[in-house]
Structure formats: structure tokens, C-alpha cells
1. Which residues, taken from the stretch 405-435, are at pLDDT 80 or above and open to solvent by 10 Å² or more (accessible area, probe 1.4 Å)?
2. Report yes if some residue within the stretch 174-197 is over 30 Å from residue 352 (Cβ atoms), over 18 Å from the mean Cα position of the chain (by Cα) and crowded, with 23+ Cβ neighbours inside 10 Å; otherwise report no.
3. Are any residues in the stretch 68-86 part of a helix (DSSP H, G or I), open to solvent by 10 Å² or more (accessible area, probe 1.4 Å) and touching a residue at least 24 places away in the same chain (Cβ under 8 Å), and if so, which ones?
4. So, of the residues in the stretch 152-164 that are within 19 Å of residue 327 (Cβ to Cβ) and not charged (D, E, K, R), which turns out to be modelled with the highest pLDDT?
5. Determine, yes or no, whether residue 117 is more than 20 Å from residue 331 (Cβ to Cβ), small (Gly, Ala, Ser), open to solvent by less than 50 Å² (accessible area, probe 1.4 Å) and assigned to a helix (DSSP H, G or I).
6. Determine which single condition residue 308 fails, assuming it passes every other condition in (1) surrounded by fewer than 22 Cβ atoms within 10 Å (Cβ to Cβ); (2) modelled with pLDDT under 85; (3) part of a helix (DSSP H, G or I).
7. Looking for something outside any helix (DSSP H, G or I), at pLDDT below 90 and more than 18 Å from residue 250 (Cβ to Cβ) - is there at least one such residue anywhere in the stretch 166-184?
8. Out of everything in the stretch 209-223 that is assigned to a helix (DSSP H, G or I) and open to solvent by less than 40 Å² (accessible area, probe 1.4 Å), what residue ends up being modelled with the lowest pLDDT?
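The values are calculated or read from the model by the stated rules, or taken from the named source; none is laboratory data. Just so you know, these numbers come straight off a predicted model, no measurement behind them. Cβ atoms come from the backbone with ideal geometry, glycine included; neighbour counts cover every protein chain shown. Ligands, DNA and RNA are stripped out before the accessible areas are found, and what is left, the full protein with its side chains, is counted by its heavy atoms. Shrake-Rupley method; radii C 1.70, N 1.55, O 1.52, S 1.80 Å.
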Amino acid sequence: MKKSNVVKGVLLTVILVAAFVGPLLAGDGVTAAEGGGFYGTIWALLPPVIAIGLALITKEVYSSLFVGILMGGLLYSAYSFEGTVLHVFQDGIVGVLSDGYNIGILVFLVILGAMVSLMNKAGGSAAFGRWAAQHIKSRVGAQLATVALGVLIFIDDYFNCLTVGSVMRPVTDKHRVSRVKLAYLIDATAAPVCIIAPISSWAAAVASYVEDGNGLTLFIRAIPFNFYAILTIVMMIGMVVMKVEFGPMTKFEEKAKFNGDLFNGRNPYAGAAAAKDEKKGIVLDLVLPIAVLIFCCVIGMIYSGGFFEGASFVEAFSNSDASVGLMLGSVFALAFTVVYYCLRKTMTFRETMDCIPEGFRAMVPAILILTFAWSLKAMTDSLGAGEFVADVVKSSAGAFQAFLPAVVFLIGCFLAFATGTSWGTFGILIPITLSVFPLTDPLGVVCVSACMAGAVCGDHCSPISDTTIMASAGAQCDHVDHVSTQLPYAVVAAAVSFAAYLIAGFVPNALIMLPVAILLMVATLFGIRMTQGKKQK
């Protein structure tokens, strides 16, 4: 209790300093757009720090994000009332909702919510649950099946989160796996899998930051050194098989296993349509719409990359627009699902149309959090957070090159955690790294991989990350609960990854370092298991 009060006191002090000392530092009212005193300084990272701290302390994410956005507006406008209001709403909230990419993601989110509602009402989810109960006999099997499905859907992290959640919720519910554990499994097989898959939207994003056209080659060379992504997958599977839990997750899992309480009393999706346990539904009513959705989204992504205009499959994926591809794919999948259920006579046309607003309502929490998270990122961008981090990295690059992979990993973690975006972190750190090391330098490849690993780690930990928000929506659990239970797991994987990068700076050889990193993670898991066993005794 005392520790919690100390944290609250520190955060309140930071807010008060920003509110009262900030105007003095703002000087003569020069705004950030005019090169004012806050632009490109450590103050640029204050809004997300405040938002994240408030969210973790108050357990209330909407107001916490808005306070962070408001602080960004105050710093940007040099504490001008009119400038703050205009920047927060016009440049921030309205600006991100006017962005075509963001709108495409929101449309995909709403359509997927509608499809989930359709599958529930048609009885497909209940039928899949009955099938899974016959074939998946244990909690370990349910969790491993979730991991396997997450690894198979490596095209895009948004698509991964929502699809895996929709398919596996009835399975994990049957075996009393808590929703926050499901959210962790979803989140840990979203970005970490996409960042080591050569054919994915993430590979395309990383490749786009390499100017000489060797982006995909560099991405493939960096895969064995992407320790955080690989070790997260190893850790997740190891914990499921060894039945190891620690941190806040332990309480949630115990309540789910012994009391059947999957949410620990906090379920923001309580009003969502529940699956109908009717015998008329069959497994195909769930599997076929999901399969069509995957197929249509793949076609949509390569279409947006110019595949039907002569580009190769790999080139089309490299040039694809995930927002356009997922939006178009989900539209056609929704149309197919409506027609399929009507022909099957499991639902009338009117019932299918009623599911669309129900699906929208189910996704409102995720849409609100995403909108505020995007707005907060817009605040940090306008304050020059990227320029500040770039200067810090460049100033320290030449001093200790062998330690640079570990340093870059830490900076990537912090930047992605504070801004909630891994792609933005790639855009800042990868060009800086390539300016320090040539592509032929093995240490340069390790540093590029450290950029990607740090970005994924920070994204994985951050409560304002869109992927983290999507994982909460996919598992339909409380967002703050998901963040607080996942954070200790992500920190353990990050600590082992940091140790691996310290060694890799002196031994930049993938054949040596990857087995060493995996052995370090396995040894860590056994250590945690022994510690947990002593506590139980």
C-alpha cells in the first residue's frame, strides 16, 4: 500500500511540475511548431509517461489517455488556451480520425466485430466449442492450440489478434483459461511472430526504411538476432508446458481454474452477444467464414501492393497497404458470411443485419482506446520526440560500439513503450543505425535486429500500443488487466534479450548467439519454476 502511495505521489509531482513549471520554461510563448523550448527535448516524452502512469495506477484508461493528450497540447502550444484546444481536437483527435490508414483499420475492426456477432448468433462458435471439448482435453492443449493458430496467422498483427481471439475464446473458456492469459497468448504471437516472418506487413515496413533496395535481405539476415521475438515465443510455450505462472497473472489464472471466474470481475464486453448454444450450428459455420476472411485479406493485401498489375507475390507484400488490404478483405468476407448463413437457413437476412450494430457496439471500447492512443502519438510527434531520441543515439554511437546493440535495444524499448508504436520506432532507429554501420558489417545487422526487437518489446509492454489494445479486444478482457498481467512476462523476456545483446556485441555470430539466448531463457524459466515451487511450499 505504501509503495502504491509513493508511485502516486511521484506521478502527481510530475504532473504538478509540468502544470506550474512548464509555463515558466515556455518563455515568451513560442510554440513547438515555431521551434519553442519544448520541441525535441525530453519534455516531448512527458505526455505518454503521464498517460501510462495514470492508466496503471487508476486502472482507468480513457481519462488517463486524455490527460496525456491534454498535456501534449499544453506543451505544444506553450500553454496557450486556444492553441491547446485546437491542437488536441483539430490536429489530434480529428486529425487521426481523418487519416485514411486509421479509418481503414477501424472499418476492419467494426466488420470483424460484426462477423464475430454473426458466428455467435448462427451457433458456429458454440459448435466449435463442442468440437474442441472433444478433441482438446486439457488447459495446456487449449493454450498450445492458441499459440499454434497465432503462429500460423503471421500476415499482420491486427488481423492475428482479432482472428485468434474470435476462434479460440470458446475453446479457452471451456477449459477455464482466464481471458487475460488468452490476451497474453494472442499478444505474444502477434507482433513477435510478424517481426520474424519475411512475408508480413511488418517485414514490408522494416524493408521500406532501407534506401538501397536491400531491405528484405537485411530483414532476413536480422531474424536470428531478433532475440526478444524468438525468446518470447520460447518463454510462452515453456510456461504453458511447465505450467508456470508468476506476477498478477497467477491470481487471474487461479480464479479461472478453481472458481470459473474468467475476468476476475472486470468484463467491459459483458454486453456483447454471447454464443448461442444451439445444435443447428456446425463447426463449418465458424471455420468457413474465418477461412474466407483469411483468403480475402491476403488477396486484399497483395492487391494493394500491385500483384494484379504485374508485381511478384513477395514484391506485392513488400508494397502492400495493410489498412486497405484488411478493409477490402473483410468487406468481401462479411458479404460471403451473410449469404452463406442465409443459404444455410441458420439465420434470416434481418437477423444477419441486426448483428452489424451489435458487432459495432462490441468494438466500441477498442475503438475509443485506439483513437486516444493515436491522438497521443500525434502529440508526441508534434513535440519532436523522434528527433530527441535520434540525437541521443547519434551522440553515443561512437563511444562504445560493442555495447551498441544492447543500448539500441533499450532505447527502442523505451521509445516504443512511450509512443505506443513499433513502426515509428523502426523509422527513427533503423536509419540511424545504418548511418553508423554499413550493411556488410555483422554488428550492423545485430543493431538493426536490436532496433526491431526493442520496438516490439516496448510495443508489447505499452498500454497505449494498438497491438496491445487489439489483443485486449480479441480476448474481450479489461485492457488495464491485460497490460498489468502481461508486463512481468514481457520484462523477463526483455531482461534475457538484453543479456543476449550484450554478448552479441562481442560475438556477432547467429549460429552461436541464438542457441545461447535460448539456453538463457530456458534456464530462466527453470529458475522461476523453482522459485514458485518454494513459495507454494
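1. Within the stretch 405-435, 407, 410, 411, 413, 414, 417 meet the criteria.
2. Quick first cut of the stretch 174-197, residues over 30 Å from residue 352 (Cβ atoms) only: 175-178, 180-181, 184-185, 187-189, 191-197.
Okay, now just the ones that are also over 18 Å from the mean Cα position of the chain (by Cα), so 175-178.
Narrowing the set further to residues that are crowded, with 23+ Cβ neighbours inside 10 Å leaves 177-178.
Scanning the stretch 174-197 turns up at least one residue that is over 30 Å from residue 352 (Cβ atoms), over 18 Å from the mean Cα position of the chain (by Cα) and crowded, with 23+ Cβ neighbours inside 10 Å.
3. 71, 74, 76, 83
4. Filtering the stretch 152-164 for residues within 19 Å of residue 327 (Cβ to Cβ) gives 153, 155-163.
From what is left, the residues that are not charged (D, E, K, R) are 153, 155, 158-163.
On the way: 153: 73, 155: 63, 158: 71, 159: 68, 160: 76, 161: 80, 162: 72, 163: 74.
Only one residue fits best here, namely 161.
5. Values: more than 20 Å from residue 331 (Cβ to Cβ): no; small (Gly, Ala, Ser): yes; open to solvent by less than 50 Å² (accessible area, probe 1.4 Å): yes; assigned to a helix (DSSP H, G or I): yes.
No; evaluated as a whole, the condition is false for this residue.
6. Of the numbered conditions (1) surrounded by fewer than 22 Cβ atoms within 10 Å (Cβ to Cβ); (2) modelled with pLDDT under 85; (3) part of a helix (DSSP H, G or I), the odd one out for residue 308 is (2).
7. Within the stretch 166-184, none of the residues are outside any helix (DSSP H, G or I), at pLDDT below 90 and more than 18 Å from residue 250 (Cβ to Cβ).
8. Step one: filter the stretch 209-223 for residues assigned to a helix (DSSP H, G or I), giving 215-223.
Going one step further and asking which of them are open to solvent by less than 40 Å² (accessible area, probe 1.4 Å), we end up with 215, 218-219, 222-223.
Details: 215: 66, 218: 79, 219: 79, 222: 86, 223: 89.
Only one residue fits best here, namely 215.
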